[in-house]
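Take a look at the structure below.
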Amino acid sequence: MKSKSITRIWDLTKEEVLFLIERALEIKRTRMWKRSLEGKILALVFEKPSTRTRVSFESAMMKLGGSTIFLSTKDLQLARGEPIKDTARVLSRYVDVVVLRTYAQETIEEFAKYSTIPIINGLSDKFHPCQVLSDLMTVIEKGKDLYRDKIVWIGDGNNVAQSWIEASALLGFKLTLACPKGYEPDGKLLKEAYEKYGAQIEILNNPEEAAKNSEVINTDVWTSMGFEKEDEERKKAFKGFQINKEILSLASPSAIVLHCLPAHRGEEITEEVLEGVHSVVWDQSENKMWLHMALLEFLLKNN
Ligand code: CP
Ligand code: NVA
């Protein structure tokens, strides 16, 4: 039987997303869990660097009693041209679950198509679903109300932003994004969000307008991994799309600032804001581990 894979947020139902957040909050609060994944093996296949996603998944798996194998794609036969579909079928015979970090979303989809075990997207060019699951957990943990509070994204319409769009559409909360012209999220994704889910998503090009009265401000780097060649051009285009004290002064006094990290201080966020009282980035990072525990339990406990 084919196992459930998480290639994007839309692979989950609303109920499953809410369940994962509740379970992660419960594990974090009670510090009680069973070593229910003893004997299970997680492989992490990464084409790009990672601190948080790698270590939080490895720690999550080990806390649940399982083991992990980290594989950089340059050390696999993939580097010598072995097809993804062959790698997927072989790894399915050795391990119980794979987290994949790739340049192309299509690689993850192909891997999931040929696997018989769950495949989890640990970031692609299009999506970062696990990041946004734990970000939602942080928003709720900090007492914000997804359905009443103004939630904004200021910056690139990138992989993390696009997973926020999927979460907003699936869960039915409003989302405002402010991106420079030409750096908005994918139009096809937005169309599907509006048509299939009736999403309430507003796309602006003005960060001040977005920040006004917001309770949750989200940002990310101007240049994501894989886009380094565009760095100079992006630095010009993103001027003004910085979370600083002026932008923050437009938000609610109780606003929280999220950043998935790593941060580029002085670009998308100032040192003062990142280290300031509104920033929740360290708890946000920590929550990746609790959410990944909930996710691994959910995907593996009955297999
Ligand atoms: N937020 C995040 O995914 O960080 P890493 O690139 O360090 O995994
Ligand atoms: N958008 C960033 C997120 C890093 C965790 C990137 O893709 O590089």
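The values are calculated or read from the model by the stated rules, or taken from the named source; none is laboratory data. Predicted, not measured: the structure shown is a model, and the values here were computed from it. Using ideal geometry, Cβ is built from the backbone for each residue, glycine included, and neighbour counts are taken over all protein chains shown. Just the protein is used for accessible areas: all its heavy atoms, side chains included, with ligands, DNA and RNA removed. Shrake-Rupley method; radii C 1.70, N 1.55, O 1.52, S 1.80 Å.
How many times 2.2 N^0.38 Å is the alpha carbon radius of gyration of the chain? Compactness ratio reported: 0.97.
Note on the chain: GNM, Cα springs under 10 Å; of 237, 79, 112, the largest mean-square fluctuation is that of 79. Per residue, the convex hull spanned by the Cα atoms of the range 165-284 measures out at 113 cubic angstrom. Heavy-atom accessible area for residue 31, with the other protein chains in place and a 1.4 Å probe, reaches approximately 130 Å². Under a cut-off of 16 Å between alpha-carbon atoms, report the lysines in cross-link reach of residue 229, not counting same-chain residues fewer than 8 places apart. Residue 229 reaches 48.
What are the GluC sites (Glu not before Pro) within the range 1-33 that DSSP puts in a loop, where the Cβ has at most 16 other Cβ atoms within 10 Å? Here no GluC sites (Glu not before Pro) fit, given the DSSP loop and packing criteria.
Site pair residue 233 and residue 265 shows an inter-label distance of 3.0 nm when each label is modelled 7 Å from Cα along Cα→Cβ. Under the convention that each Lys and Arg Cβ holds +1 and each Asp and Glu Cβ holds -1, the size of the dipole of the range 14-171 around its Cα centre is about 500 debye.
At a Cα cut-off below 15 Å, give the aspartates and glutamates reachable from residue 235, other chains included and same-chain residues fewer than 8 away excluded. Residue 235 reaches 156, 220, 267, 268. With the whole protein complex present, residue 246 retains an accessible surface near 110 Å², based on a 1.4 Å probe. Placing +1 on the Cβ of every Lys and Arg and -1 on the Cβ of every Asp and Glu, with no other charges, gives the range 57-143 a dipole of roughly 120 debye about its Cα centre. For the range 84-91, 3J(HN,Hα) computed residue by residue from phi via the Karplus equation (6.51, -1.76, 1.60; θ = phi - 60°) reads 4, 5, 6, 4, 4, 6, 5, 4 Hz, glycine and proline entered as x. So how far, in whole Å, is the C-alpha centre of the range 132-147 from the one of the range 77-107? One Cα centre to the other: 32 Å. Hey, what D do you get for the range 4-110 in µm²/s if you plug the Kirkwood alpha-carbon radius into Stokes-Einstein at 37 °C and 0.692 mPa s? Reported coefficient: 214 µm²/s. At 1.4 Å probe size, with the rest of the protein present, what percent of the exposed accessible area of the range 8-47 is carbon and sulfur atoms? Here it works out to 52 percent. Taking every C-alpha pair closer than 8 Å and separated by at least 6 residues, the mean separation divided by the residue count of the chain gives a relative contact order of 21 percent. Rolling a 1.4 Å probe across all protein chains gives residue 278 an accessible area of roughly 50 Å².
Evaluated with a Cβ-only charge set (Lys, Arg +1; Asp, Glu -1), the chain carries a dipole of roughly 960 debye about its Cα centre, given to the nearest 20. Among the listed pairs 126/191; 85/288; 142/196, those whose Cα-Cα separation exceeds 21 Å are 85/288; 142/196. Here the peptides 147-159, 203-215 are ranked by packing, the mean other Cβ count within 10 Å, and the order with the highest first is 147-159, 203-215. Ranking 230, 166 from most to least accessible surface, computed with a 1.4 Å probe over the protein chains only, gives 230, 166.
The sum of -39500 (n - 2.57) across all DSSP H runs of n ≥ 4, divided by the residue count of the chain, sets its helix-only mean residue ellipticity at 222 nm to -12500 deg cm²/dmol. Net length available on complete extension from residue 36 to residue 103 is 20.9 nm, with 0.36 nm assigned per residue and the Cα-Cα distance removed. Our summary gives the range 160-303 a relative contact order of 20 percent, counting only alpha carbon pairs under 8 angstrom and 6 or more residues apart.
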